Amino acid sequence: MTGSPDPGAAPVEAAASPQQIGVQVSYGDVRELRGPLLVLGGADGVGWDEFAEVDLAGGGQRHGLVLEVDRDIATLQVLESTGGMALGGIRVRFAGRPLHIQVGSGWLGRVCNGRGEPLDGGPPVTGATFLPVSGWPLNPVHREPPRQPVLTGLSVIDALTTLVRGQKLPIFSVPGLPHLALATQIASQATSEGRSFRVVFAAMGLTHADIAYVRDRLEERSAAGELVLLLNAANDPVIERILTPRIALTVAEHLAYAEGHDVLVIMSDMTSYAEAIREVSAARREIPARRGYPGYLYSDLATLYERCGRVQGHDGSVTVLPVLTMPGGDITHPVADLTGYITEGQIVLAPDVLARGIYPPVDVLSSLSRLMRSGAGKGRTREDHLDVAAQMIAAMARARQAAELAELVGVAALSETDRSYIAYRTHLERDFLNQGPEEFRSLEETLDRAWAALAALPPAELTMVSTTFLDRYLPGRKDRS
Amino acid sequence: MAPVTQRRVGNVVRVSGPLVEVEGIEGLAMLELVEVGPYRISAETVAVTGPRATLQAYEYTGGLKVGDLAAATGAELSGVLGPGLLGQVFDGLMRPLSMAPLWLAPERTGSAQANTFLERRWNFDPTATVGSRLAPGDVLGTVPDSGAVEHRLLVPAGVTGELTWLAPQSRLRGSDVVARVGDHDVRLAERAALRRQRPFRTRHAEVVPLHTGQRVLDLLFPLARGAAAAVPGGFGTGKTLLLQQIAKWSDADVIVYVGCGERGNEMADVLEGLSELEDGRTGGRLIDRTVIIANTSNMPMMAREASIFTGITVAEFYRDMGHDVVVIADSTSRWAEALREFANRNGDLPAEEGYPADLSSALASFYERAGRVTTLGGRTASVTVIGAVSPPGGDMSEPVTTDSQRFVRALWMLDRDLAYSRHYPAVSWTGSFARDVDALGAWQATHGRPGWVERRARAAALIAEADRLESLAEVIGVSSLPGHERMTMLGGRLLREGVLMQNALSANDGFCSVEKTAALLDLVLDVVAACRRLVEQGIAAAAVEQVDFGPVLRAREESGPSDAAGVAASRTVMLGRLEQLL
């Protein structure tokens, strides 16, 4: 681990305010308050990106990060917003370094807010190691290409867009679709085949109803000490969201590389996160790139997503699953578009699939896991997996064409082969794609269900699967031979 | 502690991300490096105003304070160029990543790694004659154990004189003096400026093709050695896979692969993929002809900006030895974003979409360093530049895409619809272009392939006509078209699926020789001609369409990468099958 162990850091109470900004110079010359920004004068010796505590006249405390230092002027973003603050009576104390948090297994089983402060009535989270929340770039030479699957217990993901340990794979959704049900189902069911598996769930900008739902769905895993929950609600301070995924990933990296767990980090909703970035950028009057988002949104998102991976000589892994809602379902929206450029594939949820009564409403043909080829198949999942997946997707494409044709000319006018494709799709949707929000399916069961659906097609159509696998797995095949 | 007294020092007065302003350093030159703060982060001078200067920092500037020390180095951004670059991975500032720690914190000092790099010993074979008069570019000797291509030690630019001493055959360190030319000591490895173009004698007018092994490129949109190409494509269009294929299979001597603001896992994958593959020409591994410059998206942004120039300079280093080099930059859009990020922080007036007004000249300065030249030493060599472009939202009218198009000789535009229908490589035949087609055709004609121009023209005409008919058929229905037009549509399908599609993951199909490409195209063209004749002779178009064209579609997969004869056999089978309709 990096650790840049900090000899100056004494043990402290709160995890997210570990800076023990004790007897240090405090500054009171607040010159300007604008949006989330606080401009401080007379701030000599303040470093860029330093963490600060802001004491209000009335006795409250807020936190800030330094965005710019210019001679004796320091510009800070206040995490809890500047609402209710007045120029007079504010004292700002600086930590002398960027925000660090304490990491360790003490986080497991805890429920905290978006700044890492407990919401579960417990004491502040402590750990033996301090790490900066922004992390350090991982040397690409030390990366181990992802190889083994994370099994989610969801047929459509495990079979068709296999999640691979160390991958970053986002869920693209639209407001109103059950992406949160899907994300929590993955969070509660995912495993890495008998290895120790941990989940860090970072919620950003979720409604209170959604947060209650998340806590309820993940209670079991939390009680088992396998889960870290960081919850930033929709009416919680917006700027705090900038911190939430960074805390989540810092905790995850330590659990993975220092303690050897496979860690899955779920971040929902990244669109809310990007809005916080945009708000700060607008307040700083920066020149926007697309739709008001700053030009550095790509790099900013990359510093989060790129923290996934596997590392040579270490046992654990960090797998990142961001969830984002595309405003108006527009996949060219900057958040979705830039995410797609960084991540290794995407799982797309579509309203028309939901309308057909399917949960999870994954649009199979536009979803893709780029690392699937290296994470599935013989020795990883099952020997027939890649062939079956390719065949299922090709057959889905053909079935969609057949269905469109059927709408024009009627099912009766279709060729027998085309009708079998429609039967295949019906079977697949009913017994394979559709799954209960609490239902766990083993990989064996998932692939068996896949074969049962493929059996609706004439065997001659199954050209992408080798004869060996057809003989071994196609239902009824053995009886005939 | 560094001897600060000898140096020009000043203080930091402003920090905003990678932008650092300093004051009080005398005589600071543009591009000069300054070390700032307690970790002595490298920062490059980009503007000087009186006593104040603006710097772009190459590391994370967290904790940097107003008042921190800033010391001028008197040097520009430079890196060690010498034997041992091939097969290695460097960051955007040419620091060897294989010697860097797991986490790239700013505390690591570049010089220590560079020194380790210089300590390695190499075999040196002298070839020059002591006493002779040498000029820049003349060969002093070779380093036989450095990668797949011959490493030639040259007299540096600007050095002329009598060779008074030359090391005997021996094992030498990179930092050792190897020769004395005039009053200049030549070392095995030299620190070289990374932003400066390396000099050459003249540019060549003659156009010679680069064979990429990718049929759609070699056939429809060929690229000349020393030319530049841009590859725009939205996410998921297979841009990276296509570039990796070119890195693997193009017939260059050296590949410089610049991962600029892209994925870390991808770099690990490139490294592993190239290490496993054999180089058909040398018998070694492909990685041994490759230098990787990796500045992934989460590494410091300004080093990303430098990485593009680092890549080109390394390429020119090998060009000067007389090699043909291909530089692949994935992605130039991330590089342009770094330019934009810094310009915005600096308060520059934006032009389009927030990009600085000098974006097009910055792109031009990158692509224009491509060229096929006579080197200082009189050898013919080339640097070919291939730049990926990642247009936001797949919008091909955005500034980086449109500006790149002006400076390249070939544009390989990737099409989302083709990619979604799993047609790879998804190079659009309507949106792409190759400006050197005629000149390359003339070269093919004088090098034993007289049919090349005509064959290409027929293929281009067939696919254009098939496209037109297909959109027509969507409106009026296939059955309303006359037979010969239906045969054209059939031919379009055979051409797309049998020739233009290529399976990157297949051992037979991943790479395709010139001869096999020609054979595959002949196969399709002859079959289409035979089909047309059948229709003319009164056979129903529907009957021809029902024929199993498997031999045409499978030929690319079933015959080896250079097996033109195997393809010709498929042609015989297929033509025979069509005969039976009569």
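Return the residue satisfying two criteria in turn: it lies in segment A:327-362 and is within 18 Å of the chain's Cα centre (by Cα) and among the small types (Gly, Ala, Ser), and of such residues it is surrounded by the most Cβ atoms within 10 Å (Cβ to Cβ).
A:Ala336
Would you call A:Asp269 more than 11 Å from chain B (Cβ to nearest Cβ), among the charged types (D, E, K, R) and closer than 24 Å to A:Ser196 by Cβ?
Taking the combined requirement at face value, the residue does not satisfy it.
Identify all residues within segment B:532-552 that are part of a loop (DSSP other than H, G, I, E, B), of a type in the set (A, V, I, L, M) and under 19 Å from B:Val573 (Cα atoms); write none if there are none. Full working, then the answer.
Narrowing segment B:532-552 to residues part of a loop (DSSP other than H, G, I, E, B): B:537-540, B:546-549.
If we keep only those that are of a type in the set (A, V, I, L, M) as well, we get B:539-540, B:547.
Residue satisfying the conditions is B:Val547 alone.
Identify all residues within segment B:292-340 that are touching a helix residue (DSSP H, G or I) at 6+ places or on another chain (Cβ under 8 Å), of a type in the set (A, V, I, L, M) and part of a helix (DSSP H, G or I); write none if there are none. Lay out the reasoning, then the answer.
Applying the first criterion (touching a helix residue (DSSP H, G or I) at 6+ places or on another chain (Cβ under 8 Å)) to segment B:292-340 yields B:292-298, B:301-302, B:304-305, B:307-309, B:312, B:325-340.
Now drop any that are not of a type in the set (A, V, I, L, M), which leaves B:292-294, B:301-302, B:308, B:312, B:325-329, B:336, B:338-339.
B:Met301, B:Met302, B:Ile308, B:Ile312, B:Ala336, B:Ala338, B:Leu339, listed by residue number.
Table: residues versus (1) surrounded by fewer than 23 Cβ atoms within 10 Å (Cβ to Cβ); (2) within 14 Å of another protein chain (Cβ to nearest Cβ); (3) not charged (D, E, K, R).
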residue	(1), (2), (3)
B:Arg195	yes, no, no
B:Glu206	yes, no, no
B:Ala230	no, no, yes
B:Lys239	no, yes, no
B:Ile246	no, no, yes
B:Ala252	no, no, yes
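Which numbered condition trips up B:Asp288, out of (1) closer than 22 Å to B:Leu411 by Cα; (2) in a helix (DSSP H, G or I); (3) of a type in the set (Asp, Glu)?
(1)
If we keep just the residues of segment A:444-479 that are part of a loop (DSSP other than H, G, I, E, B) and of a type outside the set (A, V, I, L, M, F, W, C), which is surrounded by the most Cβ atoms within 10 Å (Cβ to Cβ)?
At the first step, the residues of segment A:444-479 found to be part of a loop (DSSP other than H, G, I, E, B) are A:455-458, A:462-466, A:474-476.
Still in the list and also of a type outside the set (A, V, I, L, M, F, W, C): A:458, A:463, A:466, A:475-476.
Details: A:Pro458: 11, A:Thr463: 9, A:Ser466: 13, A:Pro475: 11, A:Gly476: 10.
Only one residue fits best here, namely A:Ser466.
From (1) at pLDDT below 95; (2) hydrophobic (A, V, I, L, M, F, W, C); (3) surrounded by fewer than 20 Cβ atoms within 10 Å (Cβ to Cβ), pick out the condition that doesn't hold for B:Ala464.
It fails just one condition, (1).
Out of segment A:136-150, which residues are buried (at least 20 other Cβ atoms within 10 Å of the Cβ) and more than 7 Å from chain B (Cβ to nearest Cβ)?
The answer is A:Gln148, A:Pro149, A:Val150.
Would you confirm whether any residue within segment A:138-154 is under 17 Å from the mean Cα position of the chain (by Cα), in a strand (DSSP E or B) and of a type in the set (A, V, I, L, M)?
Yes, that holds for at least one residue.
Could you please find all residues in segment B:49-60 being within 17 Å of B:Arg195 (Cβ to Cβ) and without any contact (Cβ under 8 Å) to a residue 40 or more places away in the chain?
Of everything in segment B:49-60, just one residue is within 17 Å of B:Arg195 (Cβ to Cβ) and without any contact (Cβ under 8 Å) to a residue 40 or more places away in the chain, namely B:Leu55.
Any idea which of (1) within 18 Å of B:Arg215 (Cα to Cα); (2) of a type in the set (Gly, Ala, Ser); (3) in a helix (DSSP H, G or I) is the one B:Ala529 doesn't satisfy?
Unmet condition: (1).
If a residue counts only when it is of a type in the set (Asp, Glu) and over 15 Å from B:Lys65 (Cα atoms), which strands (runs of 3 or more DSSP E) contained entirely in segment A:21-112 have at least 1 such residues?
Numbers: elements: A:30-34, A:37-40, A:51-55, A:61-70, A:73-78, A:91-94, A:100-103.
Once the strands (runs of 3 or more DSSP E) in segment A:21-112 are filtered for at least 1 residues that are of a type in the set (Asp, Glu) and over 15 Å from B:Lys65 (Cα atoms), what remains is A:30-34, A:51-55.
What are the residues in segment B:123-137 that are crowded, with 21+ Cβ neighbours inside 10 Å and closer than 30 Å to B:Gly280 by Cα, if any? Steps first, please.
Going through segment B:123-137, the residues crowded, with 21+ Cβ neighbours inside 10 Å turn out to be B:124, B:134, B:137.
Selection gives B:Phe124, B:Gly137.
Looking at (1) in contact (Cβ under 8 Å) with a residue 60 or more places away in the chain; (2) within 14 Å of chain A (Cβ to nearest Cβ), which is the one condition that is false for B:Gly63?
Checking B:Gly63 against (1) in contact (Cβ under 8 Å) with a residue 60 or more places away in the chain; (2) within 14 Å of chain A (Cβ to nearest Cβ), the one that fails is (1).
With the checklist (1) in a helix (DSSP H, G or I); (2) surrounded by 24 or more Cβ atoms within 10 Å (Cβ to Cβ); (3) away from every other protein chain (no Cβ under 13 Å); (4) not hydroxyl-bearing (Ser, Thr, Tyr) in hand, flag the one item A:Pro322 doesn't pass.
(1)
Quickly run through segment A:159-175 and pick out the residues that are touching a strand residue (DSSP E or B) at 6+ places or on another chain (Cβ under 9 Å) and either part of a loop (DSSP other than H, G, I, E, B) or more than 24 Å from A:Glu253 (Cα to Cα) (or both).
Residues of segment A:159-175 touching a strand residue (DSSP E or B) at 6+ places or on another chain (Cβ under 9 Å): A:160-175.
A:Leu160, A:Thr161, A:Thr162, A:Arg165, A:Gly166, A:Gln167, A:Leu169, A:Pro170, A:Phe172, A:Ser173, A:Val174, A:Pro175 - these are the residues of segment A:159-175 that are touching a strand residue (DSSP E or B) at 6+ places or on another chain (Cβ under 9 Å) and either part of a loop (DSSP other than H, G, I, E, B) or more than 24 Å from A:Glu253 (Cα to Cα) (or both).
Of the residues that sit in segment A:282-319 and are at the interface with chain B (Cβ under 7 Å from one of its Cβ atoms) and hydroxyl-bearing (Ser, Thr, Tyr), which one is farthest from the chain's Cα centre (by Cα)?
Across segment A:282-319, the extreme among qualifying residues is A:Tyr296.
Show me the strands (runs of 3 or more DSSP E) found entirely inside segment B:71-172 where at least 2 residues are over 30 Å from B:Glu266 (Cβ atoms). Explain how you work it out, then say what you get.
On the way: elements: B:78-81, B:121-126, B:139-143, B:151-154, B:161-166.
Fully inside segment B:71-172 and qualifying: B:121-126, B:139-143, B:151-154, B:161-166.
So which residues in segment B:356-373 are within 14 Å of another protein chain (Cβ to nearest Cβ) and free of Cβ contacts under 8 Å to residues at least 12 places away in the same chain, if there are any at all? Write out each step before concluding.
Applying the first criterion (within 14 Å of another protein chain (Cβ to nearest Cβ)) to segment B:356-373 yields B:356-357, B:359.
Correct list: B:Ala357 only.
Can you work out which of the residues in segment A:58-79 that are in contact with a Gly (Cβ under 9 Å, 6 or more places away or on another chain) and more than 14 Å from chain B (Cβ to nearest Cβ) is surrounded by the most Cβ atoms within 10 Å (Cβ to Cβ)? I'd like the intermediate steps shown before the answer.
Of all residues in segment A:58-79, those in contact with a Gly (Cβ under 9 Å, 6 or more places away or on another chain) come to A:58, A:60, A:66-69, A:72-74, A:76-79.
Imposing the further condition that a residue be more than 14 Å from chain B (Cβ to nearest Cβ) reduces the set to A:58, A:60, A:78-79.
On the way: A:Gly58: 9, A:Gly60: 11, A:Val78: 23, A:Leu79: 26.
Going through the qualifying residues, I end up with A:Leu79.
Being within 20 Å of the chain's Cα centre (by Cα) and not aliphatic (A, V, I, L, M) is the filter; apply it to segment A:84-124 and report the residue that is surrounded by the fewest Cβ atoms within 10 Å (Cβ to Cβ).
Going through the qualifying residues, I end up with A:Gly109.
Applying the selection to segment B:343-355, what residues are at the interface with another protein chain (Cβ under 10 Å from one of its Cβ atoms) and either of a type in the set (Val, Ile, Thr) or under 20 Å from B:Arg195 (Cβ atoms) (or both)?
If the condition is that a residue be at the interface with another protein chain (Cβ under 10 Å from one of its Cβ atoms) and either of a type in the set (Val, Ile, Thr) or under 20 Å from B:Arg195 (Cβ atoms) (or both), then B:Ala343, B:Asp348 are the ones that fit.
Can you find even one residue in segment A:252-266 that is on the phi < 0 side of the Ramachandran plot, at the interface with chain B (Cβ under 9 Å from one of its Cβ atoms) and touching a Gly at 6+ places or on another chain (Cβ under 8 Å)? Don't jump to the end; show me each part of the working.
Quick first cut of segment A:252-266, residues on the phi < 0 side of the Ramachandran plot only: A:252-259, A:261-266.
Imposing the further condition that a residue be at the interface with chain B (Cβ under 9 Å from one of its Cβ atoms) reduces the set to A:257.
Going one step further and asking which of them are touching a Gly at 6+ places or on another chain (Cβ under 8 Å), we end up with A:257.
Within segment A:252-266, one or more residues are on the phi < 0 side of the Ramachandran plot, at the interface with chain B (Cβ under 9 Å from one of its Cβ atoms) and touching a Gly at 6+ places or on another chain (Cβ under 8 Å).
When you go through B:Ala519, B:Ala504 one by one, which is the residue that is over 26 Å from B:Glu454 (Cα atoms) and either in the same structural domain as B:His484 (by TED's automatic domain parsing) or in a helix (DSSP H, G or I) (or both)?
On the way: B:Ala519 fails: over 26 Å from B:Glu454 (Cα atoms).
Every option except B:Ala504 fails the conditions.
Of A:Leu169, A:Leu163, A:Leu182, which residue is hydrophobic (A, V, I, L, M, F, W, C), out of contact with any helix residue (DSSP H, G or I) (no Cβ under 8 Å at 6 or more places or on another chain), under 30 Å from A:Asp363 (Cα atoms) and within 14 Å of chain B (Cβ to nearest Cβ)? Steps first, answer last, please.
Values: A:Leu163 fails: out of contact with any helix residue (DSSP H, G or I) (no Cβ under 8 Å at 6 or more places or on another chain); A:Leu182 fails: within 14 Å of chain B (Cβ to nearest Cβ).
Residue meeting the stated conditions: A:Leu169.
Would you confirm whether or not segment A:215-228 contains a residue that is assigned to a strand (DSSP E or B) and modelled with pLDDT of 95 or more?
Taking segment A:215-228 and keeping what is assigned to a strand (DSSP E or B), we get A:227-228.
This time we only want the ones that are modelled with pLDDT of 95 or more, so: A:227-228.
Checked segment A:215-228: at least one residue is assigned to a strand (DSSP E or B) and modelled with pLDDT of 95 or more.
Going residue by residue through segment A:426-438, is there one that turns out to be crowded, with 19+ Cβ neighbours inside 10 Å and in contact with a Pro (Cβ under 9 Å, 6 or more places away or on another chain)?
Narrowing segment A:426-438 to residues crowded, with 19+ Cβ neighbours inside 10 Å: A:428, A:432-433, A:435.
Then drop every residue that is not in contact with a Pro (Cβ under 9 Å, 6 or more places away or on another chain), which leaves A:433, A:435.
Checked segment A:426-438: at least one residue is crowded, with 19+ Cβ neighbours inside 10 Å and in contact with a Pro (Cβ under 9 Å, 6 or more places away or on another chain).
The values are calculated or read from the model by the stated rules, or taken from the named source; none is laboratory data. Values in this document were obtained by computation on a predicted structure and should not be read as measured data. Note that each Cβ is placed from the backbone with ideal geometry, even for glycine, and that neighbours are counted across all protein chains shown.
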